[in-house]
Amino acid sequence: MKKCLGIKTVSAKPMNYHEAGKAGLIRGYEPDEHRKSEDREGYKVIYEDGYESWSPKETFEKAYRKIDGLRFGDAIEALKAGKRVSRK
């Protein structure tokens, strides 16, 4: 199997596991069964096509970074993906 690297733009806001479960973002969520995980930090993630999900903080922060100051290579990849890039 080949390894692949993807570039996508998402919107995200902090949301813990319990809040995500109550919002319907975690399949099979039942508060009584997940007490140890309820306060786990993470993010609600909204993709460009409108799909919404929840990601644990560690996983999210490894995959994404704010786009208010891209490194040069990141800007090139964004341009290749059809995104608009400009200086402040």
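The values are calculated or read from the model by the stated rules, or taken from the named source; none is laboratory data. Nothing here was measured: the structure is a model prediction, and the numbers come from that model. Using ideal geometry, Cβ is built from the backbone for each residue, glycine included, and neighbour counts are taken over all protein chains shown. Areas reflect the complete protein model, heavy atoms only, side chains present, ligands, DNA and RNA absent. Shrake-Rupley method; radii C 1.70, N 1.55, O 1.52, S 1.80 Å.
Details
- Qualifying residue in region 28-44 (condition: modelled with pLDDT of 90 or more, open to solvent by 70 Å² or more (accessible area, probe 1.4 Å) and out of contact with any His (no Cβ under 9 Å at 6 or more places or on another chain)): yes
- Candidates 77, 52: the one that is at pLDDT 90 or above and open to solvent by 60 Å² or more (accessible area, probe 1.4 Å) is 52.
- Candidates in region 55-71 are the residues that are touching a residue at least 40 places away in the same chain (Cβ under 8 Å) and assigned to a loop (DSSP other than H, G, I, E, B); of these, the one that is least open to solvent (accessible area, probe 1.4 Å) is 64.
- Just one residue in the set 71, 87, 65 is at pLDDT below 90 and either aliphatic (A, V, I, L, M) or over 21 Å from residue 5 (Cα atoms) (or both); that residue is 87.
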